[in-house]
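See below for the structure under consideration.
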Amino acid sequence: MSKIKCLVIDDEELARALIIKYISDTPNLELIGEYENALEALPLIKNSSIDLIFLDIQMPAINGTDFAKIIGADTNIIFTTAYTEYALEGYELNVVDYLLKPITFNRFLTAVNKVKSKTTPVASIEDSITVKSGYDLYKLKYADILYIKSDSEYVTFYTESKKIMSLQSLKALQKQIPTSHFMRVHRSYIINKTKVTSLKGRDLFINETLIPISDSYYDQVKLELFQ
């Protein structure tokens, strides 16, 4: 994971030193620069990639809230201040957080984690699987698969409109498909959890199709599908 590049702007040397220490003690944070005057930081902000600014509010020349308006919303800002009356303005400026001095390390980490959640890319979620059948390839949406049945070295995908046979094992397939959609219920069956219509005795039904449940899966089936 790439580090979050940080800038500290505060006219108080001790306050800057504390934030800088917190940055050095926090994995995935990297200090790019420190300034006691916000205007002096402008060239670095414009010419470098800064992910996060720890910005004091009460400063000479220009205060932190006015400076935040100048640099725009592309850079994450955490206000650091000894004055509670600026909290509302910080909220209106859509800053990440508002740290009240004296700042504890735990409170610092809480604010930083908000930035991490914003900057961490969300993994794309696949909604289909590519199935090879002979020389042909099929793109099957998870939502269309009713169940998958194993027969020796082959598995068959059943949908409402067709069935597709593929040379692979159910065990290997189980590692490829998401547990959010599918579950193993028998040595020969994987079912789409959203397609189950009833449980009768030890048998599941998907519409009129009976799907047997192995004893080892029965409790899990009841817990996940019928609680």
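Residues in the range 1-31 that are free of Cβ contacts under 8 Å to residues at least 60 places away in the same chain and buried (at least 20 other Cβ atoms within 10 Å of the Cβ) were compared, and the one that is farthest from A111 (Cα to Cα) is I9.
So, in the range 194-210, of the ones that are crowded, with 16+ Cβ neighbours inside 10 Å and free of Cβ contacts under 8 Å to residues at least 40 places away in the same chain, which residue ends up nearest to the chain's Cα centre (by Cα)? Once the filter is applied, the top-ranked residue is V196. Sort out which residues of the range 45-74 are hydrophobic (A, V, I, L, M, F, W, C) and either in a helix (DSSP H, G or I) or in contact with a Lys or Arg (Cβ under 9 Å, 6 or more places away or on another chain) (or both), and write them in order of number. The answer is I45, I50, L52, F54, F67, A68, I70, I71.
As a summary of the residue check, D219 satisfies the conditions (1) in a strand (DSSP E or B); (2) more than 17 Å from S150 (Cα to Cα) except for the one numbered (1). The residues of the range 152-164 that are part of a strand (DSSP E or B) and more than 21 Å from N207 (Cβ to Cβ) amount to a single one, Y154. Among the residues making up the range 151-203, those that are small (G, A, S) and farther than 16 Å from S216 by Cβ are S152, S161, S166, S169, A172, S180, S198, G201.
Based on this model, can you work out whether I77 counts as surrounded by 12 or more Cβ atoms within 10 Å (Cβ to Cβ), in contact (Cβ under 8 Å) with a residue 12 or more places away in the chain and out of contact with any helix residue (DSSP H, G or I) (no Cβ under 7 Å at 6 or more places or on another chain)? Answer is no for this residue.
Across the range 40-56, the number of residues qualifying as more than 17 Å from D66 (Cβ to Cβ) and among the small types (G, A, S) comes to 2.
Among the residues of the range 172-193, which ones are touching a residue at least 24 places away in the same chain (Cβ under 8 Å), open to solvent by 20 Å² or more (accessible area, probe 1.4 Å) and not in a loop (DSSP other than H, G, I, E, B)? Across the range 172-193, the qualifying residues are R184, H186, Y189, K193.
The values are calculated or read from the model by the stated rules, or taken from the named source; none is laboratory data. Since we're looking at a predicted model, the values are computed, not measured. Positions of Cβ are backbone-derived with ideal geometry, glycine not excepted, and every protein chain shown enters the neighbour counts. We work out accessible area using only protein heavy atoms, side chains counted, and drop any ligands, DNA or RNA first. Shrake-Rupley method; radii C 1.70, N 1.55, O 1.52, S 1.80 Å.
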